[in-house]
Amino acid sequence: MTLYKKNFLKMLDLTSQEIEEYLRVAALLKEKKKKGEAHDFLRGKNVALIFEKTSTRTRCAFEVAAADLGMHAVYLDPKSSQIGKKESIEDTAKVLGRMFDAIEYRGYGQEIVEALAEYSGVPTFNGLTNESHPTQILADLLTVREHFGKIKGLTLAYYGDARYNMGNSLMVGAAKMGMNFTACCPAAYFPDPALIQKCKEIAAQTGSVLRFEEDPAKGSVGADVVYTDVWVSMGEAPEAWEERIQDLSPYKVNGNVMKRANERAVFMHCLPAFHDLGTEIGREMKARFGLDDMEVTNEVFSGKQSVVFDEAENRLHTIKAVMALALCDGI
Ligand code: CP
């Protein structure tokens, strides 16, 4: 099994063994970084980082990982390229494929990153699409393994809107790794039935149990990991907030949700989070809806069970593993 020259587009494409390999190399490169050991074995390689949406963690992780590996990264922001506006994705991919050894894409539909991969001919990495956020899932799995010493057999309860990239990708990642997965939200917010069916088939092979729970008092019972995400995704209209707040408020992760989970349970969030009034959007929500927090209380976010910043750090080590394995044969 080799990941050399492979794309990294969505969790569904990966075997359990391939996920294990990304985690093994991420742990190895993390250790090297902590010890201050050089690991710049991709000197001379170039990666294009296309960001059609904003980012802190993903962009920084790709840029720092590239620098640590000895690579050069070129950041293309939504305004400074012709992508999709004056030039098709196919033509863009063909141009970038002539100049770069790899491409990262964050933006809209999954079909865009798939097209970049197809037409560029170089390894292409998904830094978040509407449907999928696979680099986040690798960081989450590494964090879970570091905390519990294993992944298989644990239970992750996802509170919030499970229809999009995070809910989808966590469900697939859990099923592939033999971790139990509960989506806790109103039925209208459950993942796509076709994806649930695929994940049930995977779960039947790995021993994972998938649950879809509408009762917020039941979702975290027996959970080792309680996970949530923002209620309105990037790029959605501001009008979406009112409906989302009304539907998802019963699913806010608070002290009671954590108390019902296992004693050693951890709280995870891919970030950014609305847990206080320290952001513009947080203050706007306070003015419009009288809310002091949204998907998670500050007590849980800042509490001793929270591992959100370990998770954020692991974006660096896992993204580094994705680039290293795609561009170096044998690590
Ligand atoms: N979790 C995540 O993808 O963070 P950014 O949007 O800051 O990249």
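The table for this structure:
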{"item": "Theoretical gain in end-to-end length, E31 to D329 [0.36 nm per residue, Cα-Cα removed]", "result": "105.3 nm"}
{"item": "Dimensions in Å of the range 203-331 - Rg and Dmax from alpha carbons", "result": "17.3, 55"}
{"item": "Accessible surface, 1.4 Å probe, highest first, among residues S169, S306", "result": "S306, S169"}
{"item": "Neighbour net charge for D40 - beta-carbon separation under 12 angstrom, K R +1, D E -1", "result": "+3"}
{"item": "Cβ-based net charge around L291, under 11 Å, with every Lys or Arg adding one and every Asp or Glu removing one", "result": "-1"}
{"item": "Heavy atoms of F212: accessible area, 1.4 Å probe, square angstrom to 10", "result": "60 Å²"}
{"item": "Listed residues I245, I281 arranged by accessible area, highest first, probe 1.4 Å", "result": "I281, I245"}
{"item": "Average silhouette area of the chain, convex hull of alpha-carbon atoms, in square nanometres", "result": "16.3 nm²"}
{"item": "Rounded Å value of the spacing that divides the Cα centres of the range 267-300 and the range 2-75", "result": "30 Å"}
{"item": "Alpha-carbon radius of gyration plus Dmax, which is the widest Cα pair, for the range 132-179 in Å", "result": "10.2, 29"}
{"item": "Carbon and sulfur %, accessible surface of the chain computed with the full protein complex present, 1.4 Å", "result": "50 percent"}
{"item": "Sum of side-chain charges, Q305 neighbourhood, beta-carbon under 14 Å (Lys, Arg +1; Asp, Glu -1)", "result": "-1"}
{"item": "Protein-only accessible surface order, largest first, of Y108, Y119, Y159 at 1.4 Å", "result": "Y108, Y119, Y159"}
{"item": "Highest average packing first - 260-270, 136-146, 73-83, Cβ atoms within 10 Å", "result": "136-146, 260-270, 73-83"}
{"item": "Solvent-accessible surface (1.4 angstrom probe) belonging to K35, in square angstrom, nearest 10", "result": "130 Å²"}
{"item": "For the chain, calculated [θ]222 nm from helices alone, where every DSSP H run of n ≥ 4 adds -39500 (n - 2.57)", "result": "-14000 deg cm²/dmol"}
{"item": "Computed label-point distance, nm, for sites D192 and T2 using a 7 Å Cα→Cβ extension", "result": "3.3 nm"}
{"item": "Heavy atoms of E280: accessible area, 1.4 Å probe, square angstrom to 10", "result": "150 Å²"}
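The values are calculated or read from the model by the stated rules, or taken from the named source; none is laboratory data. Since we're looking at a predicted model, the values are computed, not measured. All Cβ positions, even for glycine, are placed from backbone atoms using ideal geometry, and neighbour counts span all protein chains on display. Accessible surface areas use protein heavy atoms only, side chains included; no ligands, DNA or RNA. Shrake-Rupley method; radii C 1.70, N 1.55, O 1.52, S 1.80 Å.
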